[in-house]
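The structure appears right after this line, and notes come after that.
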Amino acid sequence: MLLLFSGRRVSEVLLLKRDCLREPTVEEMTETGPGIWLAYHNAKAHLGQKEIFITEPAAQLVREQVARVREWTDALARESKLDKLFLTNWLRGGNIRVPSRDTFASWLSGDISEDRRILRAGFIHRYNIKYQGEYYYINPHQTRHTLAHKAYLGGASYVVVGDHLDHARTTAGLSPITGVYIHGQEKDIQLIREMNDRRLLTEKALPVLNNRSAAVRNLDPCDVAIWREQGMMVHPTHYGH
């Protein structure tokens with residue numbers, strides 16, 4: 001639930017603190033609507049402590065799952081005094097610690113031999129999770145791709161999806177890596193790249209790509225159409241667009 005609805009990396013979710021959720025203030029709700037804030041630590045991009053907002057109804061599912069995990073790991077937290085949501089004493093002599101990405105992947109999909117014999121059953125084997133008759137080996141990182149893809153299909157712009165995933169923008173205002181997460185939308189991605197290339201030549205699109213309020217004059221109708229298609233707010237005014 002946390003991976004899918006937050007879009008955070010596996011390492012960021014595994015390192016969540018026990019009080020990782022925060023209800024929005026009345027003032028915040030006027031902008032965000034109902035939901036929940038999830039506090040996490042972004043180590044990959046060196047952004048430090050951050051928060052991501054999860055809207056309803058996903059927020060309620062996240063609340064319920066976090067409460068369950070807290071209950072399951074309460075005894076481990078008291079014994080270890082570790083302020084972490086996810087704790088395990090599996091392997092390593094029973095020492096309590098935060099599970100690593102590899103430990104989590106092993107718990108999820110078990111261990112198999114090269115000829116696909118099950119050496120140690122994982123979550124997918126215990127619950128018989130299959131696709132077309134074969135065990136479905138889950139890659140937790142794909143939940144991040146799923147969220148990005150669904151958000152884009154739901155109307156989020158390329159820029160918004162990239163910012164939500166904490167993808168660093170280039171000086172051109174876009175993140176090249178975001179296109180990898182928008183599966184099956186190669187035509188759109190190519191349009192975005194062409195749009196970005198034109199911006200490098202004309203400098204017209206910079207304030208639009210950065211989601212700033214700005215008047216941009218002498219726009220080609222093709223530019224306006226592409227920007228609107230990507231979910232950007234481009235409207236005619238007395239001073240331009």
Check your understanding: Which one is farthest from residue 66 (Cα to Cα), of the residues in segment 1-50 that are polar (S, T, N, Q) and in contact (Cβ under 8 Å) with a residue 12 or more places away in the chain?
Key -> 32
**Study point:** Qualifying position, being out of contact with any strand residue (DSSP E or B) (no Cβ under 6 Å at 6 or more places or on another chain) and surrounded by 11 or more Cβ atoms within 10 Å (Cβ to Cβ), among 74, 115, 102, 111
**Key:** 74
Review point. Is it the case that residue 120 is out of contact with any Asp or Glu (no Cβ under 9 Å at 6 or more places or on another chain) and closer than 24 Å to residue 3 by Cβ?
Key: no
**Study point:** Candidates 179, 93 - the one that is among the small types (Gly, Ala, Ser), assigned to a helix (DSSP H, G or I), modelled with pLDDT under 90 and in contact with a helix residue (DSSP H, G or I) (Cβ under 9 Å, 6 or more places away or on another chain)
**Key:** 179
Practice item. Would you be able to say whether some residue in segment 195-216 is surrounded by fewer than 18 Cβ atoms within 10 Å (Cβ to Cβ), at pLDDT 70 or above and more than 30 Å from residue 111 (Cβ to Cβ)? Key: no
Exercise for review: Return the total of residues in segment 2-40 being in a helix (DSSP H, G or I) and of a type in the set (A, V, I, L, M, F, W, C).
Suggested key: 9
Practice item. Sort through 109, 113, 175 and tell me the only one that's farther than 26 Å from residue 6 by Cα and of a type in the set (Gly, Ala, Ser). Key: 113
Point to revise | From the options 44, 50, residue that is surrounded by fewer than 16 Cβ atoms within 10 Å (Cβ to Cβ), in contact with a Lys or Arg (Cβ under 8 Å, 6 or more places away or on another chain) and among the charged types (D, E, K, R) | key: 44
**Study point:** Residue match in segment 39-47 (condition: modelled with pLDDT of 95 or more and more than 19 Å from residue 181 (Cβ to Cβ))
**Key:** yes
Point to revise | Members of segment 96-119 found to be within 23 Å of residue 11 (Cβ to Cβ) and either among the charged types (D, E, K, R) or not in a loop (DSSP other than H, G, I, E, B) (or both), listed by number | key: 97, 101, 102, 103, 104, 105, 106, 107, 108, 109, 111
Practice item. Output the residues belonging to segment 41-73 that are of a type in the set (D, E, K, R) and either in a strand (DSSP E or B) or not assigned by TED's automatic domain parsing to the domain that holds residue 9 (or both). Key: 50, 51
Study note, to complete from the structure: Picking from 133, 154, the residue that is closer than 30 Å to residue 180 by Cα, more than 16 Å from the chain's Cα centre (by Cα) and not hydrophobic (A, V, I, L, M, F, W, C) would be 133
Revision key, fill the gap. Scanning segment 120-135 residue by residue, those surrounded by fewer than 10 Cβ atoms within 10 Å (Cβ to Cβ) and not in a helix (DSSP H, G or I) turn out to be 127, 128, 131, 132, 133, 134
Review point. For segment 77-88, which residues satisfy the criterion of being buried (at least 16 other Cβ atoms within 10 Å of the Cβ), assigned to a loop (DSSP other than H, G, I, E, B) and without any contact (Cβ under 8 Å) to a residue 40 or more places away in the chain?
Key: 82, 87
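The values are calculated or read from the model by the stated rules, or taken from the named source; none is laboratory data. If you're wondering where the values come from, they're calculated on a predicted model, not measured in any experiment. With ideal geometry, Cβ positions are generated from the backbone for all residues, glycine too; neighbour counts draw on all protein chains shown.
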